[in-house]
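This report refers to the structure that appears directly beneath it.
Rule-based calculations on the coordinates, nothing more; no lab input. Being a predicted model, the structure only gives us computed values, none of them experimental. No Cβ is skipped: glycine too gets one built from the backbone with ideal geometry, and neighbour counts run over all protein chains shown.
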Amino acid sequence: MTSPATLKEVLHQLTRPAAPQLVESHPSGKLRCLACGHRCLIAPGSSGVCKVRFHDGQTLRVPWGYVAGLHVDPIEKKPFFHFLPGSDALSFGMLGCNFRCDYCQNWLTSQALRDPAADPSRYGGRAYSEIAPEQVVALALRHGARIVTSTYNEPLITSEWAAEIFRLAKAEGLKCTYVSNGFATPEVIEFLAPWLDAMKVDLKSMREATYRRLGGQLKAVLDTIRTLHRRGIWTEIVTLIVPGLNDSPEELRELAQFIASVSVDIPWHVTAFHSDYKMSATPSTRVDQLLMAANIGREAGLRYVYAGNIPGAVGDLENTRCPQCHSLLVRRYGFAVLENHLRGDGHCPNCRTAIAGVWK
């Protein structure tokens with residue numbers, strides 16, 4: 001069994017110096033990391049909150065040259081519903097996270113350096129596989145994927161690695177996306193902007209106390225959503241409805257109203273929690289809770305509201321309809337696209353209303 005300490009030592013060898021845009025020197029000899037909202041001030045010999053970006057005494061070292069997860073997924077699984085529906089995405093991820101969510105559904109990768117129980121070798125798996133950026137892109141092309149996606153763990157903390165893969169992918173005509181908790185900085189968004197086409201952001205709560213419990217800050221996530229929209233990076237927002245944590249009508253209303261204040265065209269996915277990790281005693285989200293949240297989103301004026309993680313149980317809330325004439329545009333079951341009438345120019349074929357998203 002690989003212990004977390006040994007895994008940490010091995011991963012420290014699979015690193016490169018941080019991008020100059022994502023690190024600042026400090027008079028104390030410490031280095032300020034700018035990859036996420038923690039803005040960690042890191043002393044020599046120490047790492048940031050994420051456990052994967054560390055000060056080796058001279059430079060800030062960051063993850064490079066491996067993946068902990070690599071798989072071809074439908075883009076709907078990310079979930080993106082308004083970004084090339086029906087396309088495949090080559091999904092890749094590393095290890096580590098800047099949050100510590102008790103309900104994390106990818107805890108074996110996100111918490112591998114923080115929780116001994118998350119060591120993948122305990123479950124018959126390998127913690128990582130070494131690979132070059134060129135190989136990741138070659139695999140995407142070989143499998144006919146139109147998109148490459150940094151996901152599974154928190155991609156912001158491994159942005160240099162993702163940016164190099166994205167640079168090569170763009171040269172091959174592929175689209176590039178992030179699946180993120182959104183705890184970003186203006187500097188990391190600026191760094192990624194030349195290559196990043198879309199980001200899925202988890203908006204977990206509208207309560208600062210909840211974000212503190214999870215290991216972040218609400219304001220930074222709200223600022224990320226505003227910045228992505230202002231820069232024209234396609235954004236979809238997911239809220240995992242966790243019973244007892246963020247499922248009150250009052251909080252969901254605040255959340256939906258915030259999204260609408262940025263743009264009523266941002267898709268909002270309300271998804272079902274299932275008992276996992278340190279919240280195994282918490283009941284899974286009921287269908288009626290998802291339907292309530294979706295109705296709140298529509299009342300707030302959001303044009304595209306979806307309910308997920310319970311395929312076939314949420315009525316029409318897996319489908320995309322025209323906000324003007326309500327014609328069925330994309331019909332789905334879970335992650336499968338059964339009909340797509342937006343393959344042309346992204347306009348409703350019935351009334352010609354432009355449908356927000358990336359369709360070709």
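Once the Cα atoms of helix 287-299 and of the chain are each reduced to a long axis, what angle between those two axes, in degrees from 0 to 90 to the nearest 10, is obtained?
The helix 287-299 is inclined about 80 degrees to the chain.
So if each residue of separation counts as 0.36 nm, and I subtract the Cα-Cα distance between Gln58 and Asn340, what length gain in nm does that give?
On the way: separation 282, 0.36 × 282 = 101.52 nm, distance 5.30 nm.
Value of the extension gain: 96.2 nm.
Tell me the angle of helix 218-231 to the major Cα principal axis of the chain, expressed in degrees between 0 and 90 and rounded to the nearest ten.
That helix lies at roughly 70 degrees to the long axis.
With point charges of +1 on the Cβ of Lys and Arg and -1 on the Cβ of Asp and Glu, referenced to the Cα centre of the chain, which listed residue (Val148, Ala336, Ile233) lies farthest in the positive direction of the dipole?
Farthest towards the positive pole: Ile233.
Report, for the stretch 271-359, the % of DSSP beta bridges that are antiparallel, rounded to 5. It would help to have the intermediate numbers written out before the result.
Numbers: 7 of 8 bridges.
If we restrict to bridges inside the stretch 271-359, about 90 percent are antiparallel.
Treat every Asp and Glu Cβ in the stretch 66-340 as -1 and every Lys and Arg Cβ as +1, leave all other atoms uncharged, and give the resulting dipole magnitude about the Cα centre to the nearest 20 debye. Please report the intermediate quantities before stating the final value.
Details: 28 positive and 30 negative charges, 21 e Å.
Rounded to the nearest 20 debye, it is 100 debye.
Label the stretch 66-340 by shape, choosing from rounded, prolate and oblate, from the square roots a ≥ b ≥ c of the eigenvalues of the Cα gyration tensor; if a/c is under 1.5 it is rounded, and otherwise prolate applies when a/b is larger than b/c, oblate when it is not.
Details: a/c = 1.45, a/b = 1.19, b/c = 1.22.
Taking the square roots of the gyration eigenvalues as a ≥ b ≥ c, the stretch 66-340 is rounded.
Quick one: compute a quarter of the convex hull surface over the Cα atoms of the stretch 101-221 and quote it in nm².
Values: hull surface 33.6 nm².
Convex hull of Cα atoms, orientation-averaged projection: 8.4 nm².
Have a look at Ser129, Ser28, Ser280 and tell me which one the Gaussian network model of the chain (Cα, springs below 10 Å) gives the largest fluctuation.
Of Ser129, Ser28, Ser280, the most mobile in the Gaussian network model is Ser28.
Evaluate the charge dipole of the stretch 89-201 about its Cα centre and quote only its size in Debye, nearest 20, assuming +1 on the Cβ of each Lys and Arg and -1 on the Cβ of each Asp and Glu. Before the final figure, lay out each step's value.
Values: 10 positive and 12 negative charges, 71 e Å.
Charge dipole of the stretch 89-201: 340 debye, to the nearest 20.
What FRET efficiency, computed as 1/(1 + (r/R0)^6) with R0 = 41 Å and r the Cβ-Cβ distance, is obtained for Arg212 and Tyr333, rounded to the nearest 0.05? Kindly include the intermediate steps, with their values, before the conclusion.
Details: r = 38 Å, r/R0 = 0.93.
The formula returns an efficiency of 0.60 here.
What ³J(HN,Hα) values, in whole Hz, does the Karplus curve 6.51 cos²θ - 1.76 cosθ + 1.60 give for the stretch 15-24 when θ = phi - 60°, with x put for Gly and Pro?
Values per residue, Gly and Pro as x: 9, 9, x, 4, 4, x, 5, 10, 8, 10 Hz.
Over the Cα atoms of the stretch 289-360, what radius of gyration and what Dmax do you get, in Å?
12.4, 35
Build a GNM of the chain with springs between Cα atoms under 10 Å: which of Cys33, Cys322, Cys50 gets the top mean-square fluctuation?
Cys322
On a 0 to 90° scale, report how tilted helix 4-13 is relative to the longest principal axis of the chain, with both axes built from alpha carbons and the result rounded to the nearest 10.
80 degrees
What does the helix-only formula give at 222 nm for the chain: each DSSP H stretch with n ≥ 4 adding -39500 (n - 2.57), the total divided by the residues, and the result rounded to the nearest 500 deg cm²/dmol?
On the way: 9 runs with 92 residues, N = 360.
Computed mean residue ellipticity for the chain: -7500 deg cm²/dmol.
Provide the three semi-axes, in whole Å and in decreasing order, of the ellipsoid equivalent to the stretch 10-112 as defined by the square roots of 5 times the Cα gyration tensor eigenvalues.
Calculated on Cα positions only, the semi-axes equal 30, 14, 14 Å.
What ranking do 193-203, 15-25, 167-177 get when scored by the average of other Cβ atoms within 10 Å per residue, highest first?
193-203, 167-177, 15-25
Only bridges whose two residues both fall in the chain count here: according to DSSP, what percent of them are antiparallel, nearest 5?
Values: 26 of 53 bridges.
The antiparallel fraction comes to roughly 50 percent.
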